[in-house]
Amino acid sequence: YPGFGQTTPLNVGLHEWTLELLAREMILNAPDAGPRAMTTWNEYAALGNLVRDIENNTWGRAPDGPALIEYELVRIAHRQFPWQVQPNTRLIASYFKLYSNPRLAELMRAAFGMTAVEYFQIAMGLSGHFLDRPVLRTPVGNTVNAVPQATVDLLIGRMSLGLEALRDRIRETQTYNINWAYLFDPLRTWPLIDLGGNRLFCPMPTLLLWRMTEGVYFDLVQHRQLFDQNFGPAFQDLVGEVIVAANPD
C-alpha cells in the first residue's frame, strides 16, 4: 500500500469490497492506459468517495429507497463480512480435507483430471505467486507433481478469461441502480485475466484463493450423478472428524 505508512488498510478506508467494485468498473469502462495511477492515498480516497457518493445518491433517488433501508443493511453485512475474514491456513486445510476425501476422488478427476492433492499443489503454487507479483508468464511450468502440462493449462483456462470476454460478461449483467454494488462479479469465476502476449494478470489474489477453495463446489456440482452420490457423505465425514477431534470424550 504505497504511501500509507504503518497504518492498516482498514484504518485508512482501504476496503477490499470497494476495490472489487472499482476493479469491475475499470475492466468495463477504463482505457488500456490513462493519465492517472491509483498509487497514492489521495487518488484512492477520491475514487472511494465517488463510489460511496454513487451508492448513497442512488438510494436517495430510488422511489422506495428509504423504505428498504433495513433490507440494505442486511445486504451490506453479506457484502462486507466475508472480506473481514482473510484467507488463512485453516480455511485452505478445511477445503483440502473435504476435496481429498476418497469419496470425492472420482468426482475430482471428472472435474479437473487430477487428484485433490495434485489440484491443491498447483492451486497453491499459483496463489502464492500472485500474492507477491500481479503478473505471471505463460505457459506455466509444473515441477511439483506428475500432472501433464495440458492439464495445468486446462485448469488455468478455467480460472482465466481474456479482457474483452471479461468485459462482455460484466456488460451482460451491469446495471446502475440500487443493485449496482451487489451485481455478480465475473472476477469471482475468472479471477485471472489473460492480457495476451503470454501474460496472466490477477487483480485481487483473495478472489483467486476463494475460487480455488470454496469455488470448486461449482465445478463439482456440474457432475450431477457423482456429486449427488458422494458430496453429502464426504461433508458428513469432515464434520464427524472435526467433532471427534474437538470432543474426544
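Looking across the range 175-184 at every residue that is within 17 Å of the chain's Cα centre (by Cα) and open to solvent by 40 Å² or more (accessible area, probe 1.4 Å), the one that is farthest from residue 122 (Cα to Cα) is identified as 182.
For the range 143-161, a tally of residues being open to solvent by 20 Å² or more (accessible area, probe 1.4 Å) and in contact with a Leu (Cβ under 6 Å, 6 or more places away or on another chain) returns 0. Scanning the range 73-91 turns up one or more residues that are modelled with pLDDT under 95 and within 18 Å of residue 220 (Cβ to Cβ).
Just to be sure before I move on: is residue 247 surrounded by fewer than 15 Cβ atoms within 10 Å (Cβ to Cβ), at pLDDT below 95 and in contact with a strand residue (DSSP E or B) (Cβ under 8 Å, 6 or more places away or on another chain) in the structure I sent? Break it down into steps so the answer makes sense when it comes.
On the way: surrounded by fewer than 15 Cβ atoms within 10 Å (Cβ to Cβ): yes; at pLDDT below 95: yes; in contact with a strand residue (DSSP E or B) (Cβ under 8 Å, 6 or more places away or on another chain): no.
When the stated conditions are applied, residue 247 does not pass them.
Of the residues 166, 187, 200, the single one that is buried (at least 18 other Cβ atoms within 10 Å of the Cβ), under 16 Å from the mean Cα position of the chain (by Cα), at pLDDT 95 or above and not in a helix (DSSP H, G or I) is 200. Scanning the range 203-242 for residues that are β-branched (Val, Ile, Thr), modelled with pLDDT of 95 or more and surrounded by fewer than 16 Cβ atoms within 10 Å (Cβ to Cβ) gives 221, 239.
The values are calculated or read from the model by the stated rules, or taken from the named source; none is laboratory data. This is a predicted model, so every value here is computed, not measured. Here Cβ is always computed from backbone atoms with ideal geometry, including for glycine, and neighbour counts include all displayed protein chains. Ligands, DNA and RNA are excluded from the accessible area calculation, which covers all protein heavy atoms including side chains. Shrake-Rupley method; radii C 1.70, N 1.55, O 1.52, S 1.80 Å.
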